[in-house]
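See structure below.
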Amino acid sequence: MRWVTDTSDSLADVVKRATAVLAAAGVPSPAVDAQLLAAHLLGVGRGELVAMLFGTAVAPSGYDALVARRAAREPLQHITGTAYFRHLELAVGKGVFVPRPETESVVQLAIDVLTQLNQERGAGASTLAADLGTGSGAIAGALATEVPGCAVFAVELSEDAYPWADRNLAGTGVTLVHGDMREAFAELDGTVDVVVSNPPYIPANAIPRDLEVRLHDPHMALYGGGADGMEMPTAAAATAARLLRPGGYFVMEHAEVQAAQMVALFEGSGKFENIRTHVDLTGRDRATSGYRR
Ligand SMILES: C[S@@+](CC[C@H](N)C(=O)[O-])C[C@H]1O[C@@H](n2cnc3c(N)ncnc32)[C@H](O)[C@@H]1O
C-alpha cells in the first residue's frame, strides 16, 4: 500500500488510504477517525470535511504523522487534544482519563435529581453537588454548566490529571481540590444533595482489551484496587455517605460485571435506600444509585 502523502494528493484519496491503514492496525472506527484527523488539521468540523471529500481539496500537510500515531493506537482524543462530553469540549492528553459516553448517562441521572430539587425548592434555589475523582473535570463541568444554581465541588488525586481538570474547569465556578476523595470536603459533611463518582474500578487481573485504554489511560484512573477492583468504589461510597444530607442522592459508575457487588456494597453499608442499577445506552448495567438514609 502506498502511503507517504504527496501534497498534490486529493483529500479524498489520502483519507481513503488512511482508513485502510487504520483498519489494518485494528482501530475500531477507521473511517471516522481518518476523517476526524483530517478535520482536525484543516480546522473544520466532520460535516464540513465530509463535504470537502467531494470537492477538489488536497491533503493537509502533517496528516501522515497523525495517522501513524493513531495506527499505533494512541487515542484519537490525545492526538486532537480534545474530548467531547455532553455539550463540553474538554482538553485532554497524557496523564488524564479520556471521558466516555457511558458516563454521560450517569451524569444525566444526577442532573435529573438536581433539576427536581430545583423545582421543589423554587425560584433562585441552590443545590450542592460533588464529583469524586474528576479526571478531566467532565462530570463536574457538566453539572456546573447544565444545572442552574448548583455549587459543584470536585476532587482529583493524580498530579498528572489535576492540571487538566484545573484547565477545563476554569471559569465554571467549580471548586476543585487536589487531594484524596477519602478525606475530601470534610467541611461539607452531611450537607451535599448529590454525589457522583466514576471511580477507578477495574479488577487487578482484568487487563483492558483496547490498546488505547491499556497503553494510554492512566493506571490510577483504571484499577480500583484489590483483586475485584472494589477498593476505590468502596471508598467513594463511604465518602458519599459522609457528604450527603439525609435524602441526598449518590450515583456511581462501574463495570457491567460489578452490578451485583455494587448493590451489595450500597446495601451492606446500611447508609442507602431505594438502591437501583442503571443501564447505559447499550443496555448494560453500568451504574448504581441510592438515597442517603
Ligand atoms: C475512571 S477515572 C474518571 C475520571 C472522570 N470522572 C471521568 O468520568 O471521565 C477515575 C479518576 O479518579 C482519580 N482517582 C483515583 N483515586 C483517587 C482518589 N483516591 N482520590 C481522588 N481521585 C482519585 C483518577 O486519577 C482518575 O482521574
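The helices (runs of 4 or more DSSP H) found entirely in the range 53-142 that carry 3 or more residues being under 20 Å from the mean Cα position of the chain (by Cα) and more than 9 Å from the ligand (Cβ to nearest atom) are 76-80, 101-121. Among the residues of the range 22-55, those identified as surrounded by 20 or more Cβ atoms within 10 Å (Cβ to Cβ) and touching a Phe, Trp or Tyr at 6+ places or on another chain (Cβ under 8 Å) are Leu37, Ala38. With respect to the conditions (1) over 30 Å from Val32 (Cβ atoms); (2) out of contact with any Leu (no Cβ under 7 Å at 6 or more places or on another chain), Ala129 lacks only one, and its number is (2). Note on the range 143-160: among residues that are free of Cβ contacts under 8 Å to residues at least 60 places away in the same chain and more than 14 Å from the ligand (Cβ to nearest atom), the one that is surrounded by the most Cβ atoms within 10 Å (Cβ to Cβ) is Cys150.
Against the criterion of being of a type in the set (D, E, K, R), in the same structural domain as Asp160 (by TED's automatic domain parsing), within 14 Å of the ligand (Cβ to nearest atom) and crowded, with 17+ Cβ neighbours inside 10 Å, Asp193 does not qualify. Among the residues of the range 168-175, are any surrounded by 14 or more Cβ atoms within 10 Å (Cβ to Cβ) and assigned to a loop (DSSP other than H, G, I, E, B)? Yes; the residues of the range 168-175 include at least one that is surrounded by 14 or more Cβ atoms within 10 Å (Cβ to Cβ) and assigned to a loop (DSSP other than H, G, I, E, B).
Quick check on my filter: what residues within the range 54-83 are hydroxyl-bearing (Ser, Thr, Tyr) and at pLDDT below 95? Once the filter is applied, which keeps residues that are hydroxyl-bearing (Ser, Thr, Tyr) and at pLDDT below 95, the range 54-83 yields Thr56, Ser61. Restricted to the range 241-257, and to residues there that are within 13 Å of the ligand (Cβ to nearest atom) and not in a strand (DSSP E or B), the residue that is surrounded by the most Cβ atoms within 10 Å (Cβ to Cβ) is His254. For Phe266, are the conditions met, namely being in a strand (DSSP E or B) and touching a strand residue (DSSP E or B) at 6+ places or on another chain (Cβ under 9 Å)? So Phe266 does not fit the description; no.
The values are calculated or read from the model by the stated rules, or taken from the named source; none is laboratory data. Being a predicted model, the structure only gives us computed values, none of them experimental. Ideal geometry is used to build each Cβ from the backbone, glycine not excepted, and the neighbour counts take in all protein chains shown.
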